[in-house]
Amino acid sequence: MFSPKYSISNKLLENIKKIAEIRTNLNGKKLPRLVYMEMWRAAQDLSTHASTSIEGNPLPLTEVKKLIKGKPENVRDSELEVLNYNQALIELEMEAKTGALTIDFPLVLKVQKVVTSGLLSKSDNGHLRKRAVVVNDPKTRQIAFIPPDFGDVPQLLQDLIAYIKLNRGELDSLILAGIFHKQMVLIHPFMDGNGRTTRLLTKVLLSDLGMNTFNLFSFENYYNQNVTKYFATVGEYGDYYEIADNTDFTFWLEYFTDGIVDELSRIQKLLDMLISNDRLEDYHQLILNYLTAHGRICDKEYVKLTKRADSTRIMDFRNLVDLGLIERKSGGPTTYYVLNETHAIKNARKEYAA
């Protein structure tokens with residue numbers, strides 16, 4: 001039987017309380033359906049980009065958004081990874097709406113099958129691994145972890161699923177989701193798609209927080225910001241059989257909940273900006289209108305739109321960055337700016353109100 005070792009540290013308890021506070025605040029906010037849908041699209045794009053990026057996918061967020069929107073037929077493997085992950089998100093959300101979505105053996109296999117569709121052989125797509133594997137250190141490329149023998153994987157996975165079923169509703173959802181996440185990584189049940197499958201299934205458990213995590217936030221985003229730390233924390237070094245009984249999940253649970261706090265705080269800030277009555281000057285609107293039409297702007301382009309002095313143009317950009325409406329890219333003479341999700345949602349709100 002699977003019986004994870006962990007303790008409720010002060011940091012973990014503090015994170016759980018903070019998440020409960022933010023969750024209560026978010027659940028109390030009423031948004032127009034159009035705004036809610038825009039937030040869902042932004043979170044979906046971000047989750048897809050972050051989770052595939054963690055595994056080394058090179059496509060930037062801008063390309064991921066275009067790809068998801070366009071859904072071309074002839075794609076490279078890197079693009080197929082993105083489309084597969086996005087498809088899995090959509091399918092899980094549809095099942096979650098029925099209220100009957102639970103972690104079981106068929107769901108684990110189904111998610112991996114969608115994630116790796118067209119990327120693995122038929123014998124590995126939607127099936128547990130039948131060969132030995134090793135996990136290399138992303139920095140040194142040397143063997144860092146030896147997962148359990150493939151013959152033991154079915155029982156280990158069944159034990160984990162049984163633990164989840166037994167404790168769902170009994171343990172705090174954050175602790176349960178975190179334990180599931182790390183143990184899945186250690187079992188490494190598939191030839192490929194382990195990380196993406198694990199993060200998707202973790203979303204299912206996080207939905208027990210009482211907030212639809214598919215629609216509101218991307219917990220993967222935090223870990224994508226420091227992939228090295230994520231791998232070092234969720235994984236272990238050594239042979240599974242030598243470390244399994246002594247693996248302490250506490251540090252991972254602290255880090256796991258750090259990510260939830262960070263991402264929920266981002267969403268809370270975003271909603272506060274949406275609800276506030278931010279007033280923009282005409283020259284601010286010039287920048288936003290140009291970005292809506294062209295996608296990016298630099299100072300050379302802005303100077304053609306206004307007669308404002310050099311120092312004030314810099315402040316105009318800085319004010320919009322501080323408000324969270326645009327993002328600064330590159331630096332120095334090559335600096336340019338792009339819209340972020342906040343402005344898209346604000347526009348959706350205006351259209352809804354009209």
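The values are calculated or read from the model by the stated rules, or taken from the named source; none is laboratory data. Remember, it's a predicted structure, so these values are computed and weren't measured experimentally. Reconstructed Cβ throughout: ideal geometry from the backbone, glycine too, with neighbour counts over all protein chains shown.
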Test set (1) surrounded by fewer than 17 Cβ atoms within 10 Å (Cβ to Cβ); (2) under 16 Å from the mean Cα position of the chain (by Cα) - Leu89 fails condition number: (1)
Residues of segment 139-168 that turn out to be among the hydrophobic types (A, V, I, L, M, F, W, C), surrounded by fewer than 18 Cβ atoms within 10 Å (Cβ to Cβ) and under 20 Å from Tyr237 (Cβ atoms), as a count: 1
Asp208 being in a helix (DSSP H, G or I), assigned by TED's automatic domain parsing to the domain that holds Lys110, surrounded by fewer than 22 Cβ atoms within 10 Å (Cβ to Cβ) and among the charged types (D, E, K, R): yes
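Here is a yes/no grid of residues against (1) closer than 30 Å to Lys17 by Cβ; (2) in the same structural domain as Asp258 (by TED's automatic domain parsing); (3) in a helix (DSSP H, G or I):
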residue: Gly126; (1), (2), (3): no, yes, no
residue: Ala132; (1), (2), (3): no, yes, no
residue: Phe145; (1), (2), (3): no, yes, no
residue: Val153; (1), (2), (3): no, yes, yes
residue: Leu156; (1), (2), (3): no, yes, yes
residue: Tyr163; (1), (2), (3): yes, yes, yes
residue: Ala177; (1), (2), (3): yes, yes, yes
Leading residue by the ranking (surrounded by the most Cβ atoms within 10 Å (Cβ to Cβ)) among those in segment 4-28 that are of a type in the set (Gly, Ala, Ser) and over 18 Å from Tyr255 (Cβ atoms): Ala20
Selection from segment 235-246 of residues that are buried (at least 16 other Cβ atoms within 10 Å of the Cβ) and modelled with pLDDT under 95: Gly235, Glu236, Ala244
Residue count for segment 98-118, restricted to those that are of a type in the set (A, V, I, L, M, F, W, C), surrounded by 15 or more Cβ atoms within 10 Å (Cβ to Cβ) and not in a helix (DSSP H, G or I): 2
Odd one out for Arg199 among (1) more than 21 Å from the chain's Cα centre (by Cα); (2) among the basic types (Lys, Arg); (3) crowded, with 22+ Cβ neighbours inside 10 Å: (1)
Failed item, numbered, when Leu280 is tested on (1) at pLDDT 90 or above; (2) outside any helix (DSSP H, G or I): (1)
Test for His188: is it in contact with a helix residue (DSSP H, G or I) (Cβ under 6 Å, 6 or more places away or on another chain) and either at positive phi or at pLDDT below 95 (or both): yes
